Structures are given as structure tokens and as C-alpha cells.
Amino acid sequence: MDWRWITGDCWPGCTRTAVPLIWLGLLQWDGQHAPVYVFEPCLDRLKAQALAYFMERRPAAV
């Protein structure tokens, strides 16, 4: 994993360019791979969305 910040274009759709980005992971499509970088506010939104997803699907306590 490469946790260094770089400058570039945000991939998840905010269309911001020349902003500080961090590597999110690899996107796989049709047998090809591309590195996905994300702007910090978009990363925060994705983390909140993932947390909401996890909380909705939390297994019942036994």
C-alpha cells in the first residue's frame, strides 16, 4: 500500500483536479486494472457511506 499523498484528479466523481489525493485501491474492469486516487473530502464521504452500510448489516447479538 502506498499511503503517500500525490497531486492529481479525484476518481470517484467529484471532478476536482490538481488536488491532494491518496491511493484508495485498484479498480478492475474487463480484465484491466487502474489505480484509484481520492480527494480527502470524497474519502470522508465514502468512509461515512461504508460505515452506514456496515451498521445496517451488523449481525444480531447472540
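Beyond 14 Å, how much of the Cα-Cα pair distribution for the chain remains, as a whole percent?
Numbers: 1201 of 1891 pairs.
Distances greater than 14 Å cover 64 percent of the Cα pairs.
Hey, if you put +1 on the Cβ of every Lys and Arg and -1 on every Asp and Glu Cβ in the chain, which of P41, A52, W11 ends up farthest toward the positive end of that dipole?
Result: A52.
Hey, can you rank 33-42, 47-56 by average C-beta count inside 10 Å, highest first? Present the calculation step by step, with values, prior to reporting the outcome.
Numbers: 33-42: 15.5, 47-56: 9.3.
Packing proxy ranking, top to bottom: 33-42, 47-56.
Run the helix sum for the chain: -39,500 (n - 2.57) per DSSP H stretch of 4+ residues, divided by residue count, reported at 222 nm to the nearest 500 deg cm²/dmol.
Working: 1 runs with 17 residues, N = 62.
Value at 222 nm, helices only, nearest 500: -9000 deg cm²/dmol.
Percent relative contact order of the chain, based on C-alpha pairs within less than 8 angstrom and at least six residues apart?
Values: 75 pairs, mean separation 15.4, N = 62.
Worked out over the chain, it gives 25 percent.
Of all accessible surface on the chain at a 1.4 Å probe, what whole percent is carbon and sulfur?
Working: 3100 of 5210 Å².
That fraction is 60 percent.
For a quick check: with amide H placed at 1.01 Å from N, whose amide H comes under 5 Å from G8's, ignoring anything fewer than 5 positions away on the same chain?
A18, V19, L21
The values are calculated or read from the model by the stated rules, or taken from the named source; none is laboratory data. Every value quoted in this text rests on a predicted model; they were computed, and no experiment measured them. Don't worry about glycine lacking a Cβ; one is built from the backbone with ideal geometry, like all the others, and counts go over all protein chains shown. Protein only, heavy atoms only, side chains kept; ligands, DNA and RNA dropped before computing areas. Shrake-Rupley method; radii C 1.70, N 1.55, O 1.52, S 1.80 Å.
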